[in-house]
Amino acid sequence: TPVQRWRQGAGMLSEDRSHEGLATPLSITDNITMNLGVDTAIGGFVSPRRLAAAADHWIRQLGIKAAGPHQTVAALSGGNQQKVALARLLHQRVDILLLDEPTRGIDVASKQHLYELIDRLASGSDGSAPRAILVGFMPGPLLTNRPRTMLAPPCAAPPAPTVSVPGPFGLSSS
């Protein structure tokens with residue numbers, strides 16, 4: 001389950017962010033902090049101030065362009081929605097990021113910014129420990145020189161199986 005994977009330090013960013021990665025009617029704050037209350041709670045009660053501070057931190061770190069942490073995710077551009085989905089994973093403190101087509105459906109400038117961000121995460125140049133990253137299909141020249149990053153080629157349909165049909169005298173023909 002996703003909770004077990006987070007506890008093991010792995011998180012996945014789905015290619016379908018609006019159906020699998022984000023709760024678009026909710027705020028940026030809610031989306032980033034919805035799964036982890038440890039650092040946003042005081043005495044077992046959720047602290048709205050700490051939630052907003054956590055969201056502000058990730059908005060700054062990832063360069064999310066928004067009116068503020070209480071803006072709904074649905075009102076953001078596709079690139080900024082993707083950054084919110086990534087911020088949610090980073091807020092969970094995952095060490096292994098599985099990114100399924102992380103630049104799908106976003107504009108060129110956002111793609112470039114996301115490429116640079118993934119590169120910083122893989123190298124640890126963002127001030128954190130380097131993370132292992134598996135990227136599902138992501139065209140472009142990025143990430144080829146990072147030992148902790150692996151690009152997965154796009155999946156192709158498996159070859160059709162060959163069928164042997166017995167011929168006369170018990171011989172097979174394909």
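The values are calculated or read from the model by the stated rules, or taken from the named source; none is laboratory data. These numbers were taken from a predicted model, which means no experiment stands behind them. Glycine gets a Cβ as well: all are built from the backbone with ideal geometry, and neighbour counts include every protein chain shown. The accessibility values were calculated without ligands, DNA or RNA, using every heavy atom of the protein model including side chains. Shrake-Rupley method; radii C 1.70, N 1.55, O 1.52, S 1.80 Å.
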With every protein chain in place, the accessible area of His113 for a 1.4 Å probe, in Å² rounded to the nearest 10, comes to 50 Å²
Sorted by accessible area (1.4 Å probe), largest first, how do His70, His57 line up? His70, His57
Could you tell me the accessible area of Arg93 in Å² (1.4 Å probe, neighbours in place), rounded to the nearest ten? 130 Å²
Each label point is 7 Å from the Cα along the Cα-to-Cβ direction; what then is the distance between the points at Thr24 and Arg5, in nm? 2.1 nm
Rounded if a/c is under 1.5, else prolate if a/b is larger than b/c, else oblate: which is the range 39-113, with a ≥ b ≥ c the root eigenvalues of its Cα gyration tensor? oblate
Give, in nm to one decimal, the length gained when the segment between Ala67 and Gln112 is fully stretched (0.36 nm per residue of separation minus the Cα-Cα distance). 14.0 nm
